[in-house]
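Okay, structure first, notes after.
The values are calculated or read from the model by the stated rules, or taken from the named source; none is laboratory data. This structure is a prediction, so every number in the text was calculated from the model and none was measured. Positions of Cβ are backbone-derived with ideal geometry, glycine not excepted, and every protein chain shown enters the neighbour counts. Surface areas here come from the heavy atoms of the whole protein model, side chains and all, with no ligands, DNA or RNA. Shrake-Rupley method; radii C 1.70, N 1.55, O 1.52, S 1.80 Å.
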Amino acid sequence: MAPKAEKRLVAGKKPMAEKSPSTEKKPSKSENKLPKEGDKKSKKHKKSVETYKIYLFKVLKQVHPEMGISSNAMGIMNSFINDLFEKLASEASKLARYSKKPTITSREIQTAVRLVIPGELAKHAVSEGTKAVTKFTSA
């Protein structure tokens, strides 16, 4: 076995005292939290996450006022809406690119709905979308 390294004293020099955690000066908690000169007191804000949960809940209450929904089911529905939105947006983007137009209009969205959503559900979605666009433009 190799010998352990020992602290050796150099002639003419005193051994340095090792610093212990208790002897070091640490700033107190109040000193840490004080704002610097010119700085305004800033609070940490939680990053906002956008979801469709409140809108899904409103629609649920319109359709079935006495019915509730678990948070797990609400999370699944939120994921479904996000997925559907992404599919429709990418399909509308492809359609605009094919026709060499820089803008996604209601026509591209309507065509994307017909392509992405199946059958009878697409017909209802198109009619509701048309109704919403008409209401928006008249207001």
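Scanning segment 38-58 for residues that are assigned to a loop (DSSP other than H, G, I, E, B), exposed (fewer than 13 other Cβ atoms within 10 Å of the Cβ) and within 17 Å of the chain's Cα centre (by Cα) yields 44, 45, 46, 47, 48, 49, 50.
The set of residues in segment 125-135 that are surrounded by fewer than 12 Cβ atoms within 10 Å (Cβ to Cβ) and under 18 Å from residue 88 (Cβ atoms) comprises 127, 128, 131, 132.
Restricting the first member to segment 49-67 and to residues that are over 13 Å from residue 80 (Cβ atoms), and the second to residues that are open to solvent by 80 Å² or more (accessible area, probe 1.4 Å), the beta-carbon pairs closer than 7 Å and six or more apart or on different chains are 60/67. Report yes if residue 85 is of a type in the set (A, V, I, L, M, F, W, C), assigned to a helix (DSSP H, G or I) and loosely packed, with under 12 Cβ neighbours inside 10 Å, otherwise no. Yes, satisfied. Of all residues in segment 114-124, those satisfying the criterion of being open to solvent by less than 60 Å² (accessible area, probe 1.4 Å) and either closer than 13 Å to residue 84 by Cβ or in contact with a strand residue (DSSP E or B) (Cβ under 7 Å, 6 or more places away or on another chain) (or both) are 116, 117, 122.
The single residue among 93, 106 that is modelled with pLDDT under 95 and not aliphatic (A, V, I, L, M) turns out to be 106. Among residues of segment 93-113 that are loosely packed, with under 15 Cβ neighbours inside 10 Å, those with a Cβ under 8 angstrom from a residue that is outside any helix (DSSP H, G or I), sequence gap 6+ or separate chain, pair up as 93/104. Scanning segment 59-79 for residues that are in a helix (DSSP H, G or I) and surrounded by 10 or more Cβ atoms within 10 Å (Cβ to Cβ) yields 59, 60, 61, 73, 74, 75, 76, 77, 78, 79.
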